[in-house]
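The block underneath contains the structure these notes are about, expressed in structure tokens.
Just so you know, all these numbers are worked out from the coordinates, no wet-lab data involved. None of these values were measured; they are calculated from a predicted model. All Cβ positions, glycine included, derive from the backbone under ideal geometry; neighbour counts span all protein chains shown.
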Amino acid sequence: MSISARGVFDDDGKLVQMHGFLEDVSGRKRAEENRESMIEELEVKNAELERFTYTVSHDLKSPLITIRDSWASSKRPPPRAISDASTRTPRGSRLR
């Protein structure tokens, strides 16, 4: 419950009336609690997504690095597709 009140005074400064309002704020409180709960849930989901992204990125890069290093140790130049694997290509472009 939210309560607000205001006094009405005459010219001599005497209180002659009181105006008050009661407002049920339980719906607003529930909405605020729901919002906070959703924010906490999103923070947890974002942390999980960051961990997943890091893992997938590492898992995808690791085989490419191994292949590149194998080519480097054999003293043969690697195919362009392997040597450029860490560089993004624009959509629609082809590796040569």
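Work out the FRET efficiency for T53 and E33 from their Cβ-Cβ distance, taking R0 = 35 Å, and round it to the nearest 0.05. Computed FRET efficiency for T53 and E33: 0.70.
Calculated translational diffusion coefficient of the stretch 23-83 (25 °C, 0.890 mPa s; Stokes-Einstein with Kirkwood radius over alpha-carbon pairs) equals 156 µm²/s. Taking a point 7 Å out from the Cα of E23 in the direction of its Cβ, the residues of the stretch 1-15 whose backbone N falls within less than 19 Å of it are 1-7.
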